[in-house]
Structures are given as structure tokens and as C-alpha cells.
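Below is one structure, written out as C-alpha cells; comments come after it.
Bear in mind that the values in this text are calculations on the coordinates, not laboratory data. The shown structure was predicted, so the numbers you read here are calculated from the model rather than taken from an experiment. Cβ: placed from backbone, ideal geometry, glycine included. Neighbour counts: every protein chain shown.
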Amino acid sequence: MGASATTTTQLPLLKRLWGNNVAEPLYKRSKFFAMAKKDTNFGGEGRYVVVTIAPTSGGSANFGDALNNQGATQEKRFFVQHRKEYQVFSIQGDLIARSRGDKNAVLNALEQQADKARYAFGRSMAQRAWGNGGGSLGRLDSTTTLTGTTLRLRTRSDFARVEPGMYLTFASDDGSSSTPAGTRDSSKQLQIILVARKAASGYAELTMSANLNTVAGITVNDYFHRGGDYALAMTGLPGWGPTAAPTGGESFMGLDRTVGDVERLSGTRVTGGGKPKEETIIDAAAEGHLVGIDGELVLWTHPLDFRDVVKEMGSKRFIDVKTDMASIGFRALEADGATGPIKIISEPDCPQGYFWLEDMAQIYFRSAGECPMLLNEDGAGKLLRASNDDAYQGRLGCYGNWFHENPGGQVIGSW
């Protein structure tokens with residue numbers, strides 16, 4: 001008789017697979033997530049982030065004027081709600097039956113699917129950290145031929161965001177607006193068959209499961225999203241610190257950031273204009289000093305931009321960076337800025353051509369429970385019998401979102 005995946009047998013198997021480090025691949029896939037503060041007590045309907053945009057106004061060298069001019073602090077509130085992220089994997093029933101009670105054989109059968117699910121979850125969460133909440137993974141290049149199956153990426157490095165087998169939907173916008181336009185053709189999905197990271201054309205190209213124009217209304221300016229992600233993704237750093245200043249009438253976490261103080265609600269922006277990147281970093285640090293950035297400063301950028309910084313800096317200092325998971329750390333390039341040393345770290349999902357200078361003490365990932373966790377709130381078991389297949393199914397999930405406690409204390413720059 002084969003070993004059954006009961007509640008009593010499956011937990012020890014999964015513990016042998018992962019121990020207590022279910023989140024380990026997520027830390028490895030995103031240095032930003034690894035360095036951010038964590039809070040697993042994000043309950044209720046949501047949580048406010050209160051930002052003071054002006055202190056009290058009762059100041060003067062003359063007491064009478066100080067008394068007459070006194071006023072309360074001016075504060076604005078963001079209301080951050082939970083967003084969801086899932087990854088589902090399964091193991092076929094006959095593999096369990098053929099194990100003949102050998103737990104090691106069951107373990108081997110589980111390992112491939114379960115570990116790849118954790119990897120995929122980590123990649124998705126890394127993308128969320130560097131997304132604006134709309135869920136877009138990239139955009140079609142204008143040279144894409146819609147009557148064929150080849151989708152050219154407008155930004156070549158966006159190939160790091162996609163995988164063969166992934167299902168995509170298409171839209172005229174990136175999904176981040178408070179009133180998103182919606183997906184094409186009732187969210188019709190096409191599957192990625194092949195990823196050519198550098199095709200003969202010089203572009204990164206995706207081979208899709210059908211001609212692109214089978215999606216009604218698609219254009220060569222469309223954005224693409226993983227199926228189910230459009231306008232439903234967690235909001236990462238480019239949401240809290242957009243590369244372009246917010247414009248009137250927006251609603252970010254329920255707030256129009258143009259009313260009050262745009263920079264204190266969305267950060268300060270600098271433009272490198274193509275000059276040496278080391279100079280741009282020095283300029284960003286000076287701007288950061290003006291707006292009061294302090295603490296453990298980290299400049300995040302895309303690997304291809306990081307490459308240029310390393311080449312430019314004649315004297316290179318690399319330092320070790322620790323995370324809250326003892327087994328995981330990494331190295332950062334260090335530079336001097338107006339407020340002291342700055343760690344420069346690359347992230348594959350950071351938008352190419354831009355950087356974010358941040359005090360990491362202000363950035364939290366808050367979740368209701370661990371992230372990720374094996375979903376088993378009803379106690380039915382961490383592996384469930386699939387309803388439509390002879391298989392046992394595991395489900396990874398997370399309910400949370402990104403928080404910036406001081407969005408005015410950041411500098412967003414373009415190289």
C-alpha cells in the first residue's frame with residue numbers, strides 16, 4: 001500500500017524539505033525583500049501610513065508672533081490594504097502509490113515541484129517589490145508583428161520577469177491607475193512557449209501559443225500582465241516613489257499626493273541626463289541630505305546600470321550585508337555621499353535606467369502571517385486531494401503589501 005499524504009505524514013515530509021525556511025528562495029531572489037523590515041501582524045481591513053508634511057507653525061523670535069501664528073501639524077494619510085499572491089503545485093497520485101511506503105521516495109517526488117513553486121513565488125514577490133501595483137511585466141515593442149506569435153519586448157531586460165509556461169493578458173495601460181482601463185478581450189490569455197533572451201533580431205522575444213491578434217483589440221503599444229495580476233498586484237517601491245511626479249487628481253492608497261506637498265508624499269526626483277553615474281549618485285545624496293534622508297542608505301538600481309557604476313568607480317569598496325535570515329547575506333558596492341556611506345545594490349526587477357536612494361529603516365513588508373506560508377487555515381492539510389485530477393496539491397500564499405513610512409525621505413533618479 002502506498003504512503004498516503006495525510007495530515008500526519010505530510011507535515012514531517014515538508015519539514016524535511018524546507019525546515020523552517022519556507023521563505024528562503026524569496027530572500028535569495030530579492031535582496032530588497034531581504035533587507036526590508038518585516039511585520040507578520042498586518043490584520044484588519046488595512047492600515048494607515050500617516051505622513052507629517054508640516055510641523056507646528058508657532059515659531060518666532062517674538063513671543064506675540066509665535067503665539068498668534070501657532071498652528072497644528074499638517075498630516076496626510078495613506079490607507080494600505082492587503083493584496084494576495086499565490087503559487088500552486090501538485091504531485092501525481094501514482095508517484096505516491098509507487099513509493100510503496102518509502103518516505104524518501106515521496107520526498108524526492110515532492111522536492112522538484114515544491115522547490116520550483118517556492119522559486120516561482122520568490123520571483124513573483126521580487127517583481128511585486130519593484131512594481132507600482134498595476135502588475136505589468138513589460139510592454140510590446142512597436143516593431144512587433146501582431147499577425148504572428150512573436151512578441152518583442154520594448155525593454156530587453158524585461159525577459160527576467162517572464163518564464164516559459166506563463167500565461168499573459170494584455171491591456172492598453174499598466175493597471176496602476178485608480179480607474180484602470182481593463183484587459184483586452186475579456187482577459188483572454190496566451191501562454192509563453194519560448195523565451196529568446198537575445199534573438200537574432202537583437203530584441204528579447206517571446207513565442208506565444210497563438211497569434212497575438214487573436215486577442216481582440218491588441219496593439220503594439222500594449223502592456224502585458226501575468227494572468228490574474230492586472231490591477232491586483234502588491235504595490236512596491238515605484239508606487240511609493242514614482243519616477244515621474246504625481247499629477248493632480250490621482251488616488252494613491254486613497255490620497256491625492258499633489259494636495260499638500262508632492263515631494264514629502266512621493267519623494268524627490270533627480271535627473272542624471274547621461275552624465276557619469278558616480279556624479280549622479282553624489283547629486284542624489286546631496287538632494288537626499290536636503291530633504292532629511294538619514295540612516296542606512298541604500299541605492300537600488302538595475303544590474304546593467306550597476307555594471308556601469310562599478311566600471312566608473314576607480315576605487316571600489318565592497319562590504320558584506322546581513323539580512324534577518326542568518327544563512328543569507330550578500331555584498332554591496334559602497335560609495336560616499338553627503339550623509340555618509342551609501343550601499344549600492346543591483347536588483348534584476350528594478351526598472352532599468354532608474355535608481356532609488358532609500359533609508360531601509362522606513363520600508364516594511366507587512367503581511368497577515370508569514371510570507372510565504374503553506375495555506376492550511378481550515379486544517380484540512382498542507383497537501384490536498386485535487387478535485388479535478390489524480391494528484392495532491394500544495395498551495396503557497398501571502399496576504400500583504402509594501403509600506404513606506406516616510407515616502408518623502410527618498411530620492412528617485414534617472415541615469
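For the chain, the calculated P(r), taken from all Cα-Cα distances in 20 Å bins from zero up to the bin holding the longest distance, is 24, 52, 21, 3, 0 percent. For segment 149-190 and segment 269-300, write down the distance between their C-alpha centroids in whole Å. Going from one Cα centre to the other spans 32 Å.
Relative contact order (percent) for segment 136-226, with alpha-carbon contacts under 8 angstrom and 6 or more residues of separation? Before the final figure, lay out each step's value.
Values: 214 pairs, mean separation 38.7, N = 91.
Once normalised by length, the contact order is 42 percent.
For Thr56 and Asn68, compute 0.36 nm times the residue count separating them, minus their Cα-Cα distance, and round to one decimal in nm.
Values: separation 12, 0.36 × 12 = 4.32 nm, distance 1.23 nm.
Here the segment from Thr56 to Asn68 would lengthen by 3.1 nm.
Go ahead and estimate [θ] at 222 nm for the chain from helices alone: -39,500 (n - 2.57) per DSSP H run with n ≥ 4, summed, over the residue count, rounded to 500.
It lands at -6500 deg cm²/dmol.
Close amide H pairs (under 5 Å, H built 1.01 Å from N) link Gly353 with His302, Asp305, residues at least 5 positions away or on another chain. Residues whose amide H falls under 5 Å from that of Thr235, counting only those 5 or more places apart or on a different chain, are Trp402, with hydrogens built in the peptide plane.
Selection among Gly260, Tyr223, Trp240 by position relative to the dipole of segment 170-273 gives Tyr223 as farthest towards the positive end (Cβ unit charges, Cα centre). For segment 57-62, the Karplus equation 6.51 cos²θ - 1.76 cosθ + 1.60, evaluated at θ = phi - 60°, returns couplings of 9, x, x, 5, 6, 10 Hz by residue, with Gly and Pro reported as x. Per residue, the average separation of C-alpha pairs within less than 8 Å and at least 6 apart gives segment 41-175 a relative contact order of 16 percent.
For segment 353-358, backbone phi angles converted through the Karplus equation (6.51, -1.76, 1.60; θ = phi - 60°) give residue-by-residue couplings of x, 10, 8, 10, 9, 9 Hz, Gly and Pro being listed as x. Extension gain, Leu194 to Asp390, is 67.7 nm, computed as 0.36 nm per intervening residue step minus the present C-alpha separation. FRET efficiency for the Asp308 to Ser201 pair, using the beta carbon distance and R₀ = 22 Å, is estimated at 0.35. For the pair Met360 and Ala97, label points projected 7 Å from Cα toward Cβ lie 5.1 nm apart. Taking the Cα centre of segment 171-271 as reference, the dipole from Cβ charges on Lys and Arg (+1) and Asp and Glu (-1) amounts to some 320 debye. Across segment 187-202, coupling constants 3J(HN,Hα) worked out from phi with the 6.51/-1.76/1.60 Karplus curve, θ = phi - 60°, read 6, 4, 10, 10, 9, 7, 8, 8, 10, 9, 5, 8, 6, 4, 6, x Hz, and Gly and Pro carry x.
By the rule of a second cysteine Cβ within less than 4.7 angstrom, the chain holds isolated cysteines at Cys350. For Lys275, a cut-off of 19 angstrom between C-alpha atoms picks up these aspartates and glutamates, skipping any fewer than 8 places away in its own chain: Asp283, Glu287, Asp305, Asp308, Glu312, Asp336. Across Gly138, Gly217, Gly59, mean-square fluctuation computed from a Gaussian network of the chain (C-alpha pairs under 10 Å connected) peaks at Gly59. Comparing Asp115, Asp141, Asp390 in a Gaussian network model of the chain where C-alpha atoms under 10 Å apart are linked, the largest mean-square fluctuation is found at Asp390. Between Thr149, Ala23, Ser90, the Cα set farthest toward the positive side of the dipole of the chain (charges on each charged residue's Cβ, about the Cα centre) is that of Ser90. Fewest neighbouring Cβ atoms within 10 Å first, the residues Asp173, Asp308 line up as Asp308, Asp173. Placing unit charges on the Cβ atoms only, positive for Lys and Arg and negative for Asp and Glu, gives segment 136-226 a dipole magnitude near 200 debye about its Cα centre.
Each Lys and Arg Cβ is given +1 and each Asp and Glu Cβ -1; about its Cα centre, the chain then shows a dipole of about 1260 debye.
Can you sort Asp94, Asp359, Asp256 by how many other beta carbons sit within 10 Å, fewest first? Spell out each step's value before the answer.
Values: Asp94 12, Asp359 20, Asp256 17.
Placing the least packed residue first, the sequence is Asp94, Asp256, Asp359.
For Ile53, the residues 5 or more places off, or on other chains, whose built amide H falls under 5 Å of its own are Gln74, Glu75, Lys76.
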